[in-house]
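The structure appears below as structure tokens.
The values are calculated or read from the model by the stated rules, or taken from the named source; none is laboratory data. Predicted model only: the values in this text are computed from it and were never measured. Neighbour counts run over all protein chains shown; Cβ positions are idealised from the backbone, glycine included.
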Amino acid sequence: MLRIGHAPRGRISYFSPQTTIEEFLRHAAEHEGRLLFVGNFKSLRNKIGFHYLLLWSPQSAIKLVGTVTNFGEAYNPKTWNPKSHYQAPFPWGRTPANYWLALDNVQQLGDFDPDKFERLGYNAKKISLADEMETNAATFIIRPI
């Protein structure tokens, strides 16, 4: 679970969470439900097994979910295979990143009940996921309770 777009940063293109999720959904719809998600998310460095990516933001009414089919380190747009079924939407794919996730079945998530999930990780707090989603925490790895 990644929380996106909570603060603009200098010299980096900023898109609101709503716009980001809408663009990712549009890109996936145009590419048979596939999306290459790239970024610098520290939680992947532990390589804890996971199967889904959920993008959300408190500032957006929509959420995106996709099935993780593969992931790796060191995304470079200059060396990424342009014929791959997995491509990052513009402009997110034009910047190198520490990690990439190949996603299938990318779609808008309907109802999501955070009370049915718990957060994993060495620094997981002992509060409900619903409460933690209101904080500034950036990345969660979760599992069903």
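A few comments on the model shown:
- The combined condition, being modelled with pLDDT of 75 or more, under 13 Å from the mean Cα position of the chain (by Cα) and over 17 Å from Pro114 (Cβ atoms), is fulfilled by Gly39.
- Residue identified as within 18 Å of Leu103 (Cα to Cα), modelled with pLDDT of 70 or more and over 10 Å from the mean Cα position of the chain (by Cα) among Leu54, Leu44, Leu25: Leu25
- Applying the criterion of being touching an Asp or Glu at 6+ places or on another chain (Cβ under 7 Å) and free of Cβ contacts under 8 Å to residues at least 60 places away in the same chain to the residues of region 84-121, the residue that is nearest to Gly72 (Cα to Cα) is Asn98.
- Within region 100-129, considering residues that are under 17 Å from Leu55 (Cβ atoms) and small (Gly, Ala, Ser), the one modelled with the highest pLDDT: Ala102
- Residue count, region 9-22 (criterion: in contact with a Phe, Trp or Tyr (Cβ under 9 Å, 6 or more places away or on another chain), at pLDDT below 85 and closer than 24 Å to Ala130 by Cα): 1
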